[in-house]
Amino acid sequence: MSGLVRVARLGKRVSWFGPRVARLGELVGGLTPRVARGLTPGVARLGPRVGRLVLLGALAGAVSGCLPAPTTLEGRAVTDLWTQFLIAAGIVGGIVWALMTFALIRYRRRPKDTAVVPPQESGTPRLEIVWTAIPIVIVLALFGLTMVALGRVDARDPSARVTVDVLAYRWTWSFTYAGTGVTIAGTPDEAPELVLPTGEPIRIVLSSADVAHSFYVPAFLFKRDAIPGQPNEFDLNITDAGTYRGQCAEFCGVFHDRMMLSVRAVSRAEFDTWLAAQPRFSAAPGPSGSATGSAAP
């Protein structure tokens, strides 16, 4: 439902631009009275059409770039970065399109022009410095924003009260809650469910027992590889309760498509109640899916 609300809000924003983009198209078609008189009727009629095409292009770009509504603080950092890049791309694209349109119409070849080649400009160091410096500044700014977002995504919170060891193996997952003796193991036919509390940092220690896998939950806007012999640690802070589908996003063999998981985010009180009701094991289940230890009395 949150995704539908996000799309509805996006639609309202796009509709706000509609009349203004159409007006821009009319201005491009009209330009100034002096220039407009030199336009052929066919070119003059392009103004409103240009406006509609620009609007359709903007709508298509917005729809194709829609992200799921983030349900973690780390996902919000990714969404913020995507929005910043989209704004920068829109501004740069708008300026380039406007300058190209103006140049094509204003300096087009006219019937009265006799010269084969129009006057050529060369040796303008100031202009060359400007159009070299501006892209460098833009790239450096985007690089800085990216580093800030990466810092937010990869941050470790020392106050994390829940640590889960996530073990990936062909073709399922096991989740061991550190210090509790609770392990949830799945099978290729039954995806395991990872239950986590909302509103607090959760430490995930990700590893693989055999080949490379990848922990991916689309609603979290997050993916991290599970590499044999190389544990990966990261924090998640889930903001919205609910059940979120996940999967292995790294091809790992013949039953890769069955390596699913789900994350159920609940309140802290619900999480404590659920954890207390789970059976305890003296050792975590192995890759075969059977426990290597015995249940605690």
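Throughout, read-outs are computed from the coordinates displayed, never taken from laboratory work. Everything numeric here is computed off the predicted structure, so don't read it as measured data. Ideal geometry is used to build each Cβ from the backbone, glycine not excepted, and the neighbour counts take in all protein chains shown.
In table form, for the structure just shown:
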quantity: Two-decimal Rg/Rh across the range 157-196, once Rg and the Kirkwood Rh are taken from alpha-carbon atoms; calculated: 1.03
quantity: GluC sites (Glu not before Pro) restricted to DSSP loop in the range 66-166 with at most 10 other C-beta within 10 Å; calculated: Glu121
quantity: Packing-based ranking, highest mean first, of 205-218, 78-91, 238-251 given that Cβ atoms within 10 Å are counted; calculated: 205-218, 238-251, 78-91
quantity: Under 13 Å, Cβ to Cβ, from Trp171 - net charge with Lys/Arg +1 and Asp/Glu -1; calculated: -3
quantity: Viscosity 1.567 mPa s, 4 °C: Kirkwood-radius Stokes-Einstein D of the range 59-176 over Cα pairs, µm²/s; calculated: 65 µm²/s
quantity: Cα-based Kirkwood hydrodynamic radius, the range 145-249, one decimal, Å; calculated: 14.4 Å
quantity: Where labels lie 7 Å past Cα in the beta-carbon direction, separation of Ile129 and Phe255 in nm; calculated: 6.7 nm
quantity: Tail fraction, Cα-Cα pairs, the range 197-264, threshold 14 Å, whole percent; calculated: 60 percent
quantity: Kirkwood Rh, angstrom, the range 99-146 [1 / mean 1/r, Cα pairs]; calculated: 14.1 Å
quantity: FRET efficiency for Asp240 and Ala98, using Cβ-Cβ distance with R0 set to 35 Å, rounded to 0.05; calculated: 0.30
